[in-house]
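> If you scroll down you'll find the structure; I have some questions about it.
The values are calculated or read from the model by the stated rules, or taken from the named source; none is laboratory data. All figures in this text were calculated on a predicted structure; none of them were measured in a lab. In this analysis, Cβ positions are derived from the backbone assuming ideal geometry, glycine residues included, and neighbour counts consider all displayed protein chains.
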Amino acid sequence: MCGIVAFVSGQPVQDRTVHALEKLEYRGYDSYGFSFAQSDGVKASDFAIVRGVGPLSEQAQALVAGGLPQVNAAIGHTRWATHGGVTVPNAHPHRSFDGKFAVVHNGVIENFLELKRDLIAGGVEFSSETDTEVIAHLLARHYATSGDLDAALHATLAQLSGEFGLAITCADRPELLIGVRRLSPIAVGIADGAGFICSDPVAVAGQDGWIAYLEEDQIAFVTRDAVRVASFLTPDFPAVELERIPLTTVAEVAELGHYPHFMIKEITETSEAVRTVAAMPGSVFAPAAERLATADIAFCGAGSSHYVCMLGQYFFHQIAGRRAMCHSADEFMNLASLGDNGALIAVSQSGETYDTLRVMEQAQADGAALVAVNNVAGSTAQRMSDFPILQRAGREVCVLSTKSVISQTAIVWRLAAEVAARAGGAEGADMADLNALAAQLDVLVQSLSPEIKAVAERYRWIEHWFFLGRGIHWPVAAESALKFKEVSYIHAEAMPAGFLKHGTISLIDEKFFTVAFIPNAAHDPESFAHVVSSLHEIRARGGNIIGFGHDLPSVFADGFFEAYVELPSVSKFMDPMIQLVAGELFAYHCAVKLGRNIDRPRALAKAVTVR
């Protein structure tokens, strides 16, 4: 969830490192830091560390203007706190007790307390609360003993338990950068005349050169014009071949343009993301559909992607007549396993979500086929998968996923439709519906956004909310509640409409508001009738309801809703995606009026790469 960049070149790289790290700030932004090493050799005491608390974007201009050390090698890091509070001492990089090593780290070192106690017993003094600092001190201790950098690296890495993506510099080797991967993404390559290490390719997007992604338990030695990759499991570091990918294939960070926030820009782009899915040829889905047609199907995802997977359950059951189990990635392995007749559909915007990758690894080890739906080309999930499906929704900058969620949902719908077609039927799976959906999303964003904004602003001060849906609209409620609380910082609890009466209805009063996602009665009369019943139960107890539906039928009396937004309608399976976008707009406008940090809500990060 943190960001790593590092450059080594024949030219100064200090400003370049700052600007590259700014591009990764969405990965984590509690604090930032840099380590600078001279290319012509310096004393260990001159090994410079610059750190600060808060978003780097607020300090980058001052850092560059203030005259950073002129160096040919640097590493940088934006932090999302795991061990220790948000303070300058806890910010990365961390320097070893002798000043010879500087380390930045993504991930969690499980045995850091044991290692820390041993180091303290040996006389090492710690300056932070982090698990990362032990890595720097271990490197220094082993280096002092052996005098050999490779030996020190191997001995240190052999002691670490957990997951880590590392960038390391050594004052005795200022022309060298070292990158390490175990369960946390790291990429290396050459870009515009410099060797680099990064945790996310967007840091070097648009530059001239190539990138390669480290696999598990690999170490990279990077100089300004060469990269050597090896396994770190044996002390001789046996070299491995790299698959070089042109940087021209890496999507650059989008520009904000005339929009006030990336969130509303990306919501507006949702219709184009749907058109992209509609335009994908059947050959993109056919190999996966052929496997899914006979497999035991399971979905896994985390956060928003989990709710996409929940929608997938309904699609596969109601369109393809296939049972598909779904569990959140963080609990999947406690609840289910897949054999060689299994197929796992793993959904992750970044393709680097820690919990999802662990499920994929276990499923693959058990012989199951992997279908990955991701928005980042070259991500770990895409590389692992037997049947990778790339969303091509365009890069998302806002931490909250919006257009990517709809893109994922549309892809999962297409998978269900392809599986159904192979069985000779695909009821409710008209491919023209996707283009119709895209057109109606344009209507929603352009014409109905002011109405949704007015409702959001009117009720933004309400402190507690239920978000309700029935059937396929239940995952819509869950995802919409997630968006609402992520960006507004207001309590919102989602549940199936039928679940409300089993206890939680006791919370209903005039101060507890409900957002209801109501099916079109013409498309799904049974679910509609169930929702109507639940809403009457709420009103009978004085509860206030905001409705998102597709008409306002006579079963609701005048004044029944505190507010009602009538949405466009396409079909039973497209309407939930329209409601999802309406939920995103509701969350966005509420948060704007409350003055929240829209694109970077507190405590959140775009790619969750820790457990």
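> Being buried (at least 24 other Cβ atoms within 10 Å of the Cβ) and aromatic (Phe, Trp, Tyr) is the filter here, so list the residues in region 301-320 that pass it.
TYR307, PHE315, PHE316 - these are the residues of region 301-320 that are buried (at least 24 other Cβ atoms within 10 Å of the Cβ) and aromatic (Phe, Trp, Tyr).
> In region 553-596, which residue that is surrounded by 19 or more Cβ atoms within 10 Å (Cβ to Cβ) and acidic (Asp, Glu) is nearest to the chain's Cα centre (by Cα)?
Going through the qualifying residues, I end up with GLU584.
> Further question on the same structure: How do the pairs read when you match residues in region 265-293 that are over 17 Å from VAL445 (Cβ atoms) with residues anywhere that are hydroxyl-bearing (Ser, Thr, Tyr), using Cβ under 8 Å and keeping only pairs 6 or more apart or on different chains?
Once the first residue is over 17 Å from VAL445 (Cβ atoms) and sits in region 265-293, its partners that are hydroxyl-bearing (Ser, Thr, Tyr) give VAL277/SER407.
> Among the residues that make up region 199-207, is at least one of them surrounded by fewer than 17 Cβ atoms within 10 Å (Cβ to Cβ), farther than 28 Å from ASP148 by Cα and either touching an Asp or Glu at 6+ places or on another chain (Cβ under 7 Å) or among the β-branched types (Val, Ile, Thr) (or both)?
yes
> Is region 314-328 home to any residue that is over 29 Å from ASP200 (Cα atoms) and β-branched (Val, Ile, Thr)?
Yes, that holds for at least one residue.
> Check LEU183 against each of (1) within 26 Å of the chain's Cα centre (by Cα); (2) at pLDDT 95 or above; (3) farther than 21 Å from GLY33 by Cβ and name the one condition it does not meet.
Among (1) within 26 Å of the chain's Cα centre (by Cα); (2) at pLDDT 95 or above; (3) farther than 21 Å from GLY33 by Cβ, LEU183 violates only (2).
> What about GLU272, is it part of a loop (DSSP other than H, G, I, E, B) and not assigned by TED's automatic domain parsing to the domain that holds PHE586?
So GLU272 fails the test.
> Same structure, new question: For region 228-259, how many residues meet the condition of being surrounded by 12 or more Cβ atoms within 10 Å (Cβ to Cβ) and over 23 Å from GLN382 (Cα atoms)?
7
> Looking at region 321-342, which of its residues are closer than 16 Å to ALA368 by Cβ and either basic (Lys, Arg) or surrounded by fewer than 23 Cβ atoms within 10 Å (Cβ to Cβ) (or both)?
Passing the criteria: ARG322, ARG323, MET325, HIS327, MET333, LEU335, ALA336, SER337, GLY339, ASP340, ASN341, GLY342.
> How many residues are more than 34 Å from the chain's Cα centre (by Cα), under 15 Å from LEU468 (Cα atoms) and part of a loop (DSSP other than H, G, I, E, B) when one looks only at region 509-552?
So the answer is 1.
> Right, another one. Can you find a residue that is within 27 Å of GLY303 (Cβ to Cβ) and acidic (Asp, Glu) anywhere in region 458-478?
Yes, region 458-478 contains a residue that is within 27 Å of GLY303 (Cβ to Cβ) and acidic (Asp, Glu).
Results for (1) over 24 Å from the mean Cα position of the chain (by Cα); (2) of a type in the set (Ser, Thr, Tyr), shown as yes or no for each residue.
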residue: VAL50; (1), (2): yes, no
residue: PRO55; (1), (2): no, no
residue: LEU63; (1), (2): yes, no
residue: GLY67; (1), (2): yes, no
residue: THR82; (1), (2): no, yes
residue: GLY85; (1), (2): no, no
residue: VAL104; (1), (2): no, no
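> Working carefully through the options ALA273, ALA298, ALA286, find the one that is surrounded by fewer than 17 Cβ atoms within 10 Å (Cβ to Cβ) and either of a type in the set (Gly, Ala, Ser) or touching a strand residue (DSSP E or B) at 6+ places or on another chain (Cβ under 9 Å) (or both).
Exactly one residue qualifies, and that residue is ALA286.
> Confirm whether SER45 is among the hydroxyl-bearing types (Ser, Thr, Tyr) and at pLDDT 90 or above.
No; evaluated as a whole, the condition is false for this residue.
> Could you tell me which residue of region 475-503 is nearest to ILE546 (Cα to Cα), considering only residues that are of a type in the set (Lys, Arg) and surrounded by fewer than 24 Cβ atoms within 10 Å (Cβ to Cβ)?
Within region 475-503, the match that is nearest to ILE546 (Cα to Cα) is LYS485.
> Related question: State whether the residues of region 504-522 include one that is polar (S, T, N, Q), closer than 30 Å to ASP599 by Cβ and crowded, with 21+ Cβ neighbours inside 10 Å.
yes
> Across region 250-267, which residue is modelled with the lowest pLDDT among those that are over 20 Å from the mean Cα position of the chain (by Cα) and more than 13 Å from ASP599 (Cα to Cα)?
GLY257
> Further, regarding this structure: Within the set of pairs 6 or more residues apart or between chains, which connect a residue that is at pLDDT 90 or above inside region 493-517 to a residue that is among the hydroxyl-bearing types (Ser, Thr, Tyr) and assigned to a loop (DSSP other than H, G, I, E, B) with Cβ atoms less than 9 Å apart?
Going by the 9 Å Cβ cut-off, the qualifying pairs are PHE513/TYR459.
> When you scan region 352-470 for strands (runs of 3 or more DSSP E) that lie fully inside it, which ones turn up with 2 or more residues that are assigned by TED's automatic domain parsing to the domain that holds THR268 and surrounded by fewer than 24 Cβ atoms within 10 Å (Cβ to Cβ)?
369-374, 387-390
> Shifting gears a bit: Of the conditions (1) among the polar types (S, T, N, Q); (2) over 30 Å from VAL397 (Cα atoms); (3) touching a residue at least 24 places away in the same chain (Cβ under 8 Å), SER146 clears all except one; give me its number.
(3)
> With the requirement that a residue be surrounded by 24 or more Cβ atoms within 10 Å (Cβ to Cβ), over 18 Å from VAL50 (Cβ atoms) and in contact with a His (Cβ under 6 Å, 6 or more places away or on another chain), what does region 88-122 give you?
Selection gives nothing.
> Ok, one more. Which pairs turn up if I take residues in region 103-119 that are over 19 Å from PRO89 (Cα atoms) and look for partners that are surrounded by fewer than 20 Cβ atoms within 10 Å (Cβ to Cβ) and among the small types (Gly, Ala, Ser) with beta carbon separation below 8 Å, at least 6 apart in sequence or on another chain?
If the second residue must be surrounded by fewer than 20 Cβ atoms within 10 Å (Cβ to Cβ) and among the small types (Gly, Ala, Ser), the pairs left are GLU110/SER161; GLU110/GLY162; ASN111/SER161; ASN111/GLY162.
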